[in-house]
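A.B. asks: First the structure, which I've put down as structure tokens, then a few questions once you've had a look.
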Amino acid sequence: MKTAPKIVRILLAAGYLLFISISFFIGFEPGVKIGNNFISFALEMVKILPIAFILIGLFEVWVKKETVERHLGKDSSYRGYIWSILLAGTTVGGLYVAFPVAYSLFRKGAGLSVIFTYLGAAAICRIPMIIFEASFLGVKFTLIRLITSLSLVIITSMVLGKYLEKKCYQMQKG
Amino acid sequence: MYYLYAFTGLLLLISFIANKEKTFRALKISIKRFVKIIPAFLAMLILVSIVLFLVPDETISRYLGNDNSYLGILVASFFGSIIFMPGFIAFPLCGILLSKGVTYMVLSAFTTTLMMVGVLTFPIEKEYLGTKVTILRNFISLLIALIVALTTGFFFGELF
């Protein structure tokens, strides 16, 4: 999928804003509902994102490249995976927070397999979420899901990382 | 959540005492990166707000309660992939579905795709990973979710 030109995107966003504002004004229910969805999710992210980006900034400035390379780099063996899963467990929010973090790790020299493990683990084993899941669906369910998905994430990340390293893949901007 | 605010504040303070210049540089990086990704976040929020209107919770509940569990897995994976829902909404919903008789393996397919596969977060993911790798990662995640669902079904005796 190619990204639409800037002007198209701005027009679409403006159209959306106009539609929502008019809906609120005349009380058009679908528009009001969509607007409320937007606001509630935007608030949720505003609570998390500034913190996440401040921590990323501090990480960029204080943590040395050699440290990341040694612990999370290509030759970090199994320890890199353990670190990345622990880091993922404490990641808040969701994948949308994990992507900028992964980009920082990449710039500091972490291996691609480790980075994809981090992304996968950030999706499936964030600690607050696990507690929530276990309380609604039971410990047995949570354990089965966790063990299966985590091992699959590690295996596929190893393969994907190796494959992309061969192709000299680079993560983009940020 | 408040611990996180306190923790970040404390780190900033320590960093500031240790080295003013470095701290300002850190904040500059934070702001630059944040501003750069804002358009992608807005795109995602717009998509999310529309899709959640088109596919409300009741619709999901209705379709997941399908009698055929195998079909249920596919439907659940579809909804899990196209929907964006934070855990504090998703798991209570799953709890309700469970009490209504939806099988564990269908719920497993739903929650795992919900967490790992992100059609709506595509605008953000693409900015960092590029289009090709984004599609690849999401496809792999979908396969993982299906395997996880079948494994769950096996252990709960729902497979046969």
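A.B. asks: All but one of (1) under 20 Å from B:VAL51 (Cβ atoms); (2) under 15 Å from the mean Cα position of the chain (by Cα); (3) within 8 Å of chain B (Cβ to nearest Cβ) hold for A:GLY93; state the number of the condition that does not hold.
C.D. replies: For A:GLY93, the exception is condition (3).
A.B. asks: Now for a different question. Name the one entry in B:GLY80, B:GLY95, B:GLY118 that is more than 9 Å from every other protein chain (Cβ to nearest Cβ), surrounded by 15 or more Cβ atoms within 10 Å (Cβ to Cβ) and touching a Leu at 6+ places or on another chain (Cβ under 7 Å).
C.D. replies: On the way: B:GLY95 fails: more than 9 Å from every other protein chain (Cβ to nearest Cβ); B:GLY118 fails: more than 9 Å from every other protein chain (Cβ to nearest Cβ).
Answer to the selection: B:GLY80.
A.B. asks: Of all residues in segment B:2-21, which are at the interface with chain A (Cβ under 7 Å from one of its Cβ atoms) and surrounded by fewer than 14 Cβ atoms within 10 Å (Cβ to Cβ)?
C.D. replies: If the condition is that a residue be at the interface with chain A (Cβ under 7 Å from one of its Cβ atoms) and surrounded by fewer than 14 Cβ atoms within 10 Å (Cβ to Cβ), then B:TYR5 is the only one that fits.
A.B. asks: Continuing with this model, one more query. Condition first: touching a Phe, Trp or Tyr at 6+ places or on another chain (Cβ under 7 Å) and either hydroxyl-bearing (Ser, Thr, Tyr) or open to solvent by less than 50 Å² (accessible area, probe 1.4 Å) (or both). Now tell me which residues in segment A:28-44 satisfy that.
C.D. replies: Of the residues in segment A:28-44, the ones touching a Phe, Trp or Tyr at 6+ places or on another chain (Cβ under 7 Å) are A:30-35, A:37.
Hits for segment A:28-44 are A:PRO30, A:GLY31, A:VAL32, A:ILE34, A:GLY35, A:ASN37.
A.B. asks: So A:ILE34 fits all but one of (1) assigned by TED's automatic domain parsing to the domain that holds A:VAL101; (2) on the phi < 0 side of the Ramachandran plot; what number is the exception?
C.D. replies: Of (1) assigned by TED's automatic domain parsing to the domain that holds A:VAL101; (2) on the phi < 0 side of the Ramachandran plot, only one is false for A:ILE34: (1).
A.B. asks: Filter segment B:34-55 down to residues that are buried (at least 17 other Cβ atoms within 10 Å of the Cβ) and over 19 Å from the mean Cα position of the chain (by Cα), then give me how many there are.
C.D. replies: Residues flagged as buried (at least 17 other Cβ atoms within 10 Å of the Cβ) and over 19 Å from the mean Cα position of the chain (by Cα) within segment B:34-55 amount to 1.
A.B. asks: Let me ask something else. Can you name the condition, by its number, that B:ASP67 falls short on among (1) outside any loop (DSSP other than H, G, I, E, B); (2) more than 12 Å from chain A (Cβ to nearest Cβ)?
C.D. replies: (1)
A.B. asks: Residue check, B:SER30 against (1) facing another protein chain (nearest Cβ under 7 Å); (2) open to solvent by 40 Å² or more (accessible area, probe 1.4 Å); (3) of a type in the set (Gly, Ala, Ser), all met but one. Which one?
C.D. replies: Going through the list (1) facing another protein chain (nearest Cβ under 7 Å); (2) open to solvent by 40 Å² or more (accessible area, probe 1.4 Å); (3) of a type in the set (Gly, Ala, Ser), B:SER30 breaks only (2).
A.B. asks: In addition: Taking segment B:56-96 only, how many residues are more than 16 Å from the chain's Cα centre (by Cα) and under 15 Å from A:ILE34 (Cβ atoms)?
C.D. replies: 1
A.B. asks: Among the numbered criteria (1) touching a helix residue (DSSP H, G or I) at 6+ places or on another chain (Cβ under 6 Å); (2) open to solvent by less than 60 Å² (accessible area, probe 1.4 Å); (3) at pLDDT below 90, which one does B:ASN66 miss?
C.D. replies: If we test B:ASN66 against (1) touching a helix residue (DSSP H, G or I) at 6+ places or on another chain (Cβ under 6 Å); (2) open to solvent by less than 60 Å² (accessible area, probe 1.4 Å); (3) at pLDDT below 90, just (2) comes out false.
A.B. asks: Yes or no: A:THR148 touching a helix residue (DSSP H, G or I) at 6+ places or on another chain (Cβ under 7 Å), hydroxyl-bearing (Ser, Thr, Tyr) and open to solvent by 20 Å² or more (accessible area, probe 1.4 Å)? Please lay out each step first, then the result.
C.D. replies: On the way: touching a helix residue (DSSP H, G or I) at 6+ places or on another chain (Cβ under 7 Å): yes; hydroxyl-bearing (Ser, Thr, Tyr): yes; open to solvent by 20 Å² or more (accessible area, probe 1.4 Å): yes.
Against the criterion (touching a helix residue (DSSP H, G or I) at 6+ places or on another chain (Cβ under 7 Å), hydroxyl-bearing (Ser, Thr, Tyr) and open to solvent by 20 Å² or more (accessible area, probe 1.4 Å)), A:THR148 qualifies.
A.B. asks: Quick one: A:LEU58 ticks every box in (1) more than 18 Å from the chain's Cα centre (by Cα); (2) crowded, with 19+ Cβ neighbours inside 10 Å; (3) part of a loop (DSSP other than H, G, I, E, B) bar one, so which box is it?
C.D. replies: (3) is the only condition that A:LEU58 fails.
A.B. asks: Which residue pairs have Cβ atoms under 7 Å apart, sit 6 or more places apart or on different chains, and have a first residue in segment A:119-145 that is more than 19 Å from A:LEU105 (Cα to Cα) and a second that is of a type in the set (D, E, K, R)?
C.D. replies: What qualifies is A:THR142/A:GLU133.
A.B. asks: On to the next question. Which ones in segment A:104-141 are hydroxyl-bearing (Ser, Thr, Tyr) and either open to solvent by 40 Å² or more (accessible area, probe 1.4 Å) or farther than 18 Å from B:VAL117 by Cα (or both)?
C.D. replies: Within segment A:104-141, A:SER104, A:SER113, A:SER135 meet the criteria.
The values are calculated or read from the model by the stated rules, or taken from the named source; none is laboratory data. For clarity, every value in this text was computed on a predicted model and none was experimentally measured. Every residue, glycine as well, gets a Cβ built from its backbone with ideal geometry; the counts of neighbours run over all protein chains shown. Calculation scope for accessible area: heavy atoms of the full protein, side chains included, ligands and nucleic acids excluded. Shrake-Rupley method; radii C 1.70, N 1.55, O 1.52, S 1.80 Å.
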